[in-house]
Amino acid sequence: MRFTLIRHGQYEQISQAPSALQPYPLTNEGVDTVHKEAEAFRHWVKHNAITLNPEVHCSSLLRAWQTANIFIDVLSDLFPAEPQLIESYNLCERSVGAVANLTVTEIERLLELDPRFEKPPAGWKSDSFYQLPFDGAESLIESGERAKKHIENQCSKNPEALTLFVGHGAAFRHAAYHLNVIKLCDIKKLSMHYGHPVAFELTKEGDVLELFGAWKTRTIQDAID
């Protein structure tokens, strides 16, 4: 199976809040960066005669939808058929449920106010296995599992073509772990560049072939999304 993971471009966002389900659009800089990344990807696809799956998948969040549309526009004549953009919540970032789009400080204050809840561990925002105790919340590892299942299901329909998936950094890194593309210890070490595709092929023998792009080395200051 062959697939490409593309993190959305830079977008407007609430400061100091887990990105979760923030509904804001790409910034002008984000649009420009995604265009440049899409052009570089187009050159590689054309030069290597890569067969693209005309079904392009993105998360249901605006920034991913905008990013996917830019890639479709730039690659339009390279698809073997009219491209179709398919949105899915399965490719969204980790949900923090009832406290979506609140700041980290406010979330921690709410945890302190509720006697049913324990104090979260240090660095909970980037802890792969920690799940906030609010309705609808999930862990990062769970978000990666649902993204992984979506990627596998869609690629199985057209395994020889390269399928594009546009979504979010943390969910995609955790999906990559579930797909055995990276190790668990690599999740915190790696991030994804805005708009930059990373393409892989998983062979029937279980090998992982890196086709295009590169992960970003993660710093402490990097945001989850």
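Name the residue that is surrounded by the fewest Cβ atoms within 10 Å (Cβ to Cβ), counting only residues in the stretch 7-63 that are aliphatic (A, V, I, L, M) and over 20 Å from SER76 (Cβ atoms). Let's see the steps before the verdict.
The first filter runs over the stretch 7-63 and keeps only residues aliphatic (A, V, I, L, M), leaving 14, 17, 20-21, 26, 31, 34, 38, 40, 45, 49-50, 52, 56, 61-62.
Going one step further and asking which of them are over 20 Å from SER76 (Cβ atoms), we end up with 14, 17, 20-21, 61-62.
Numbers: ILE14: 13, ALA17: 21, ALA20: 22, LEU21: 18, LEU61: 27, LEU62: 16.
The residue in question is ILE14.
What residue, of LYS148, LYS125, is in a helix (DSSP H, G or I), at pLDDT below 95 and surrounded by 15 or more Cβ atoms within 10 Å (Cβ to Cβ)?
Unique residue meeting the criteria: LYS125.
Could you count how many residues in the stretch 4-28 are touching a residue at least 12 places away in the same chain (Cβ under 8 Å), more than 30 Å from TRP124 (Cβ to Cβ) and not hydroxyl-bearing (Ser, Thr, Tyr)?
Of the residues in the stretch 4-28, 0 are touching a residue at least 12 places away in the same chain (Cβ under 8 Å), more than 30 Å from TRP124 (Cβ to Cβ) and not hydroxyl-bearing (Ser, Thr, Tyr).
Looking at GLU201, GLU138, GLU142, GLU118 in this structure, which one is of a type in the set (Asp, Glu), out of contact with any helix residue (DSSP H, G or I) (no Cβ under 7 Å at 6 or more places or on another chain) and under 30 Å from ILE50 (Cα atoms)? Full working, then the answer.
Numbers: GLU138 fails: under 30 Å from ILE50 (Cα atoms); GLU142 fails: under 30 Å from ILE50 (Cα atoms); GLU118 fails: under 30 Å from ILE50 (Cα atoms).
Going through GLU201, GLU138, GLU142, GLU118 in turn, just one is of a type in the set (Asp, Glu), out of contact with any helix residue (DSSP H, G or I) (no Cβ under 7 Å at 6 or more places or on another chain) and under 30 Å from ILE50 (Cα atoms): GLU201.
State whether the residues of the stretch 78-88 include one that is in a helix (DSSP H, G or I), modelled with pLDDT of 95 or more and either at positive phi or in contact with a Leu (Cβ under 9 Å, 6 or more places away or on another chain) (or both).
Filtering the stretch 78-88 for residues in a helix (DSSP H, G or I) gives 78.
Imposing the further condition that a residue be modelled with pLDDT of 95 or more reduces the set to 78.
Imposing the further condition that a residue be either at positive phi or in contact with a Leu (Cβ under 9 Å, 6 or more places away or on another chain) (or both) reduces the set to 78.
Yes: one or more hits.
Could you list, in sequence order, all residues of the stretch 74-107 that are surrounded by fewer than 16 Cβ atoms within 10 Å (Cβ to Cβ), of a type in the set (D, E, K, R) and in contact (Cβ under 8 Å) with a residue 12 or more places away in the chain?
The one that is surrounded by fewer than 16 Cβ atoms within 10 Å (Cβ to Cβ), of a type in the set (D, E, K, R) and in contact (Cβ under 8 Å) with a residue 12 or more places away in the chain: GLU82.
LEU62: within 16 Å of the chain's Cα centre (by Cα), at pLDDT 95 or above, among the hydrophobic types (A, V, I, L, M, F, W, C) and over 21 Å from LYS216 (Cβ atoms), yes or no? Outline the logic, then answer.
Details: within 16 Å of the chain's Cα centre (by Cα): yes; at pLDDT 95 or above: yes; among the hydrophobic types (A, V, I, L, M, F, W, C): yes; over 21 Å from LYS216 (Cβ atoms): yes.
So LEU62 passes the test.
Here are SER88, SER76: which of them is of a type in the set (Gly, Ala, Ser) and within 18 Å of PHE3 (Cβ to Cβ)? Steps first, please.
On the way: SER76 fails: within 18 Å of PHE3 (Cβ to Cβ).
After applying the criteria, what remains is SER88.
Output yes when any residue across the stretch 26-46 is in a loop (DSSP other than H, G, I, E, B) and farther than 27 Å from SER156 by Cβ, and no when none is.
Initially, the stretch 26-46 is screened for residues in a loop (DSSP other than H, G, I, E, B), giving 27.
With the extra rule that they be farther than 27 Å from SER156 by Cβ, the set shrinks to 27.
Yes, because at least one residue in the stretch 26-46 is in a loop (DSSP other than H, G, I, E, B) and farther than 27 Å from SER156 by Cβ.
Answer with yes or no whether ALA137 is buried (at least 18 other Cβ atoms within 10 Å of the Cβ) and in contact with a Phe, Trp or Tyr (Cβ under 7 Å, 6 or more places away or on another chain). Spell out how you get there, then give the answer.
On the way: buried (at least 18 other Cβ atoms within 10 Å of the Cβ): yes; in contact with a Phe, Trp or Tyr (Cβ under 7 Å, 6 or more places away or on another chain): no.
Here the answer is no, as ALA137 does not meet what is asked.
The values are calculated or read from the model by the stated rules, or taken from the named source; none is laboratory data. Predicted model, so just to flag it, every value in this text is computed and none were measured. Glycine also receives a Cβ, built like all others from the backbone with ideal geometry; neighbour counts cover every protein chain displayed.
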